[in-house]
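Scroll down for the structure; my scribbles are underneath it.
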Amino acid sequence: MIENNKIYNWESLEVENSPIIAGLVNSWKNMLNSNLKESDFHKFICDHAGFFFGSDNCYLTISKLKLGSDHETDFVNVIDQRSNGIIYELIEIEKPNSKLFTTSGVPAKDFSNAIQQIRDWKRYLIENKTWLKKYLPSQTTRIINNPGVIFTIIIGRRTENTLEIEKRNQIAGELKINIRSFDYLTDLLERRRFFNDACLDINSGLCLENQIENPFYKAINDSKWRKFCSSKFNWTHFYKNSCSEIIKIRDYNNLMQNFLNNSIAE
């Protein structure tokens, strides 16, 4: 599907190929207004991870990374801080129709479950430094202060309720986590910019810089990430040093073929 020595015009997704993005956004918004299962939202985000999470410091997302035998993330974004190493964003998603608080003001069931998931992840990582160094290697093994790992809950829809926002932010501050709505994901999708060159200063040429910017990538699974970690990699300037390997382990969604067909037609 992808030719190794070809330069692709990803920037055209903002102009002549913008209907591809418009169709993706419409599909997502229709899902948000439907009473679907959490697994349906997970699959959509997984299949279009590059559009939701891709940026100039994130070109790889992991789906359902297992933390031991008892815990599993929904997603992990691998965020390159250049010489400062990698930050891993561990994400727990619920559903767009999940409530944060009950009518009596206490955390609702889905929100409580998500908070407990984050607490369990933190405890696992604190107690399993060897696992952490092997599968989430970075400049630090700290989890609480100045960590190499951050935590995000995505739940519910955006609200204008000031009291609810204050309570949500209080919990986020106390737990040192991010709490976002599904509308935040819509914002990421609608505001996504596209570039033809990653500006990583890779010595082996422009093709790698161009192909790492391919936004059609899916999230990789747990086994692929574990296999990647089995050969030690440089966690400083991660994408510059691992660009070729990252391109090889990523799979791409069906919209890629639409893009290629349009490019041939042009």
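Structure notes:
- Taking every DSSP helix (H) stretch of at least 4 residues in the chain, weighting each as -39,500 (n - 2.57) and dividing the sum by the residue count yields a mean residue ellipticity at 222 nm of -13500 deg cm²/dmol.
- Looking at region 52-124, the pairs of alpha carbons with a distance over 15 Å make up 63% of the total.
- Taking the charge dipole of region 94-178 about its Cα centre, with +1 at Lys and Arg Cβ atoms and -1 at Asp and Glu Cβ atoms, the residue from V106, A172, P137 reaching farthest to the positive side is P137.
- Alpha-carbon centroid distance for the pair region 135-188 / region 1-69, whole angstrom: 21
- Atom-type composition of the exposed protein surface of the chain places 46 percent of the accessible area on carbon and sulfur (1.4 angstrom probe).
- Considering only the Cα atoms of the chain, their convex hull presents on average a projected area of 14.8 nm².
- Estimated D of region 90-195 in µm² per second, where Rh is the Kirkwood radius over Cα pairs and Stokes-Einstein applies at 37 °C, 0.692 mPa s: 216
- Magnitude of the charge dipole, the chain, Cβ model with Lys/Arg +1 and Asp/Glu -1, debye to 20: 1020
- Per residue, the convex hull around the alpha carbon atoms of region 40-87 comes to 70 Å³.
- Cross-link pairs K6/K43; K6/K240; K64/K95; K95/K218; K64/K134 - those with Cα-Cα distance over 28 Å: K6/K43
- For region 151-254, the mean projected area of the C-alpha convex hull, equal to one quarter of the hull surface, is 9.4 nm².
- Averaged over its residues, the chain has an accessible area of 50 Å² per residue, based on protein heavy atoms and a 1.4 Å probe.
- Rg(Cα)/(2.2 N^0.38 Å) for region 143-207, N = residue count: 1.63
The values are calculated or read from the model by the stated rules, or taken from the named source; none is laboratory data. Nothing here was measured: the structure is a model prediction, and the numbers come from that model. Using ideal geometry, Cβ is built from the backbone for each residue, glycine included, and neighbour counts are taken over all protein chains shown. SASA here: full protein model, heavy atoms, side chains in, ligands and nucleic acids out. Shrake-Rupley method; radii C 1.70, N 1.55, O 1.52, S 1.80 Å.
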